[in-house]
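Structure, as structure tokens:
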Amino acid sequence: MPHSFQEPIRLNKRQAEILRIVTRQGYATIDALAGRFDTSHQTIRRDIILMDDAGLLKRFHGGAGIVDGRVRPPYDDKRHLAIAAKHAIAAEAAQRIREKMTVFIDVGTTAEALAQCLLPQRARCRVVTPNLNVALALAGHPTIETVAAGGTARTRDGAVVGPLTIAFIEQFSFDYAFIGFSGFDTDGAPMDFDLDKVLVKRAAIARAATATGLADSSKYRRQASIRLVEPGGLDQLISDRRPPAALTRALGDAGVDLILAPEALPAVSAGQPA
């Protein structure tokens with residue numbers, strides 16, 4: 001069973017090294033990993049199944065691959081996942097945008113949902129984004145000044161990345177930076193898979209008065225390969241459900257303000273504190 005709404009898994013030394021190898025190479029065979037660690041194929045297979053269930057890598061016949069653009073669900077499919085949760089998170093985030101604010105909206109399907117929530121808005125504000133999909137959604141809005149970052153567009157999710165993007169973002173001061181990411185480390189640090197995107201996110205966080213993470217509850221069961229910032233690097237986390245107890249404690253200890261989207265509150269798992 002996948003580790004849905006359970007405590008983040010703890011990898012042993014071999015499993016952590018397998019994850020690093022797969023992340024670096026993109027793919028590794030069971031044969032090669034068994035030889036590398038001088039252990040049985042069955043042991044490696046169990047390690048891969050564990051990490052596949054946790055969303056850390058992708059299991060294939062005879063090996064494992066990375067969970068990124070090559071093996072993740074296609075972007076067009078992800079747009080249809082957790083729609084209600086993403087809309088609830090986006091609506092909660094949109095309420096924070098006020099007259100004359102300058103905000104950063106990141107890459108990702110929840111960020112795109114936030115742009116959709118802003119379409120009825122009449123407060124005058126500025127949105128800076130490295131997301132071509134967000135820029136197109138808001139283009140021509142009568143009260144929102146939409147500023148699209150320059151750079152290299154290389155993925156289907158509309159992300160713009162690179163040194164030019166970072167230099168552009170560093171020219172602004174943001175009231176809010178709304179940041180998407182792929183999972184959490186065991187100490188509560190947000191994580192992602194793509195270093196180029198991570199560098200853009202870090203630039204925005206550094207220029208923000210309030211850095212707000214946007215993550216639906218599926219992210220609680222996932223780790224990724226790159227720490228975005230340390231656990232307290234985000235000021236807020238908006239989600240649809242309360243995290244598992246260990247992650248809730250880690251976020252609280254780091255000073256992260258957990259905000260549950262009101263529309264999603266009835267869906268909090270039984271037994272979890274309100």
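Which shape class applies to the range 13-66: rounded if a/c is under 1.5, otherwise prolate when a/b exceeds b/c and oblate if not, where a ≥ b ≥ c are the square roots of the Cα gyration tensor eigenvalues? Because its axes are fairly even, with a/c under 1.5, the range 13-66 counts as rounded. Longest exposed-loop-site-free stretch of the chain, with GluC sites (Glu not before Pro), DSSP loop and at most 12 other Cβ within 10 Å? After excluding every exposed loop site, the longest remaining stretch is 171-274.
Note the direction-averaged projected area, equal to a quarter of the hull surface, for the Cα convex hull of the chain, in nm². Over every viewing direction, the Cα hull of the chain projects on average to 14.4 nm². Along the axis of the charge dipole computed for the chain (Cβ charges of +1 for Lys and Arg, -1 for Asp and Glu, origin at the Cα centre), the listed residues Met101, Ala137, Pro163 are led at the positive end by Pro163. Under the convention that each Lys and Arg Cβ holds +1 and each Asp and Glu Cβ holds -1, the size of the dipole of the range 13-66 around its Cα centre is about 100 debye.
Going by alpha carbons, how many degrees (0 to 90, nearest 10) lie between the helix axis of 195-206 and the longest principal axis of the chain? For 195-206 against the chain, the angle is about 40 degrees. Sorting 180-186, 250-256 by average packing, meaning the other beta carbons within 10 Å per residue, from highest down gives 180-186, 250-256.
Once the Cα atoms are used to define both axes, helix 41-53 deviates from the longest principal axis of the chain by about 20 degrees. Between 0 and 90 degrees, rounded to the nearest ten: what's the tilt of helix 83-94 against the longest Cα principal axis of the chain? Roughly 40 degrees between the two axes. Extension gain for the segment Leu136 to Arg154, taken as residue separation times 0.36 nm less the Cα-Cα distance, is 4.8 nm to one decimal.
Among Arg156, Arg221, the order by Cβ neighbours within 10 angstrom, fewest to most, reads Arg156, Arg221. Put in order of Cβ neighbour count within 10 Å, fewest first, the listed residues Leu19, Leu119 become Leu119, Leu19.
Each value in this text was obtained by applying a stated rule to the coordinates, not by laboratory testing. All of these numbers come straight from a predicted model, not from anything done at the bench. Ideal geometry is used to build each Cβ from the backbone, glycine not excepted, and the neighbour counts take in all protein chains shown.
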